[in-house]
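Peer 1: Quick one: the structure is below, questions incoming.
Throughout, read-outs are computed from the coordinates displayed, never taken from laboratory work. Just so it is clear, the model here is predicted, and its values are computed rather than measured. Glycine also receives a Cβ, built like all others from the backbone with ideal geometry; neighbour counts cover every protein chain displayed.
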Ligand code: DGL
């Protein structure tokens, strides 16, 4: 009983259950006003909101979900995809309005910008605008690649990311040599390929990557500076024939820390982290220590700025495929 008394407030806080006083008004014909009081409970769960312009952020969510399978909302701003061709101001306004609209119906404590373009363009102003929310951003994993000893690093990213001060200073700070390649159509082409996985769409993706590859000489690794590109990591690895790195696991660790206060420090885990983050060969992804037994998405809410037939099912399928392949 004593334990129950102690745990009860914790349960209430974690689930954001708030007692509220409700009174109902009953007007009877002959009687004066009659009030009925009662205490009811509102139960509004806390959610961590992931935002991307489309399907790319699913790769980030999958990493976070494996570390912390809590309540998530995945917001795909498919009406405004791609962000990569938009201005800083446009991206800030778009993401701000998404947060405002989701906040109306859900209790949001943490927002993850599962998008390099949104992070480099808008995270600073979003933090100023929503002081009560904790923001986690996604940036090209240049530090990780440099830490692995790569002296010459190719970064593939959107045109919007490539021109942001946040990205330029990140690239400038590292001792490694950075070659930035702006991929003008790649994110949209990945959307098209996941929508219709035809040979024609695949060849178009490959062409863009071969074109980018032709611009690079003597490099040690490739950083994927857009969450969409993680979905075609194996294709990038085959074409560039070098280790390919993404920053999703770093974001997942940050989600774990911000939401629970726990840090992922286990060294065995870190070793596996490196194995997992660098796809040296297309088959290396299947050799992973982390197994998701239950790839259910029951605690993830999917939201879209433009509704399309079967879109939610498509996202769930892709999400489960990412989890299964990791
Ligand atoms: N997935 C996003 C990123 O990481 C945005 C791609 C786009 O919409 O252009 O940059």
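Peer 1: May I ask you to derive the FRET efficiency for residue 309 and residue 143 from their Cβ-Cβ distance with R0 = 56 Å, giving the value to the nearest 0.05? List each step's numbers first, then the result.
Peer 2: Values: r = 42 Å, r/R0 = 0.74.
Once rounded, the FRET efficiency stands at 0.85.
Peer 1: Under the 0.36 nm per residue contour assumption, what length would be gained going from the current alpha-carbon distance of residue 107 and residue 129 to full extension? Could you put the intermediate results ahead of the total?
Peer 2: Details: separation 22, 0.36 × 22 = 7.92 nm, distance 1.68 nm.
The span from residue 107 to residue 129 would gain 6.2 nm if fully extended.
Peer 1: Counting other beta carbons within 10 Å of each Cβ, put 309, 52 in order, fewest first.
Peer 2: Working: 309 7, 52 30.
In increasing order of surrounding Cβ atoms, one gets 309, 52.
Peer 1: Could you run the Debye sum over the Cα atoms of the range 148-203, one equal point scatterer each and no solvent, and tell me log10 of I(q)/I(0) at q = 0.13 Å⁻¹, two decimals?
Peer 2: -0.46
Peer 1: Let me ask you something else. What per residue convex hull volume, in Å³, do the alpha-carbon atoms of the range 167-241 yield? Walk me through the numbers on the way to the answer.
Peer 2: Details: hull volume 6.8 nm³, N = 75.
In the range 167-241, the Cα convex hull volume per residue is 90 Å³.
Peer 1: Only counting other Cβ atoms within 10 Å, I'd like 53, 169, 305, 76 sorted with the fewest neighbours first.
Peer 2: The fewest-first ordering by Cβ neighbours comes to 169, 305, 76, 53.
Peer 1: Can you quote the Å³ per residue value for the convex hull of the Cα atoms in the range 108-265, rounded to an integer?
Peer 2: Details: hull volume 19.9 nm³, N = 158.
Here the figure is 126 Å³ per residue.
Peer 1: Next question. So, in nm, how far is label residue 87 from label residue 168 when the simple model puts each one 7 Å beyond its Cα toward the Cβ?
Peer 2: Placing both labels 7 Å beyond Cα along the Cβ direction yields 1.7 nm.
Peer 1: To make sure I understand, if each residue's beta carbon is the centre and we count other beta carbons within 10 Å, what order do 308, 191 fall in, fewest to most? Mind dumping the intermediate values first?
Peer 2: On the way: 308 10, 191 21.
Going from least to most buried by this count: 308, 191.
Peer 1: Mind giving me the nanometre distance, one decimal, between the label points for residue 210 and residue 184, set 7 Å out from Cα along Cα→Cβ?
Peer 2: 1.9
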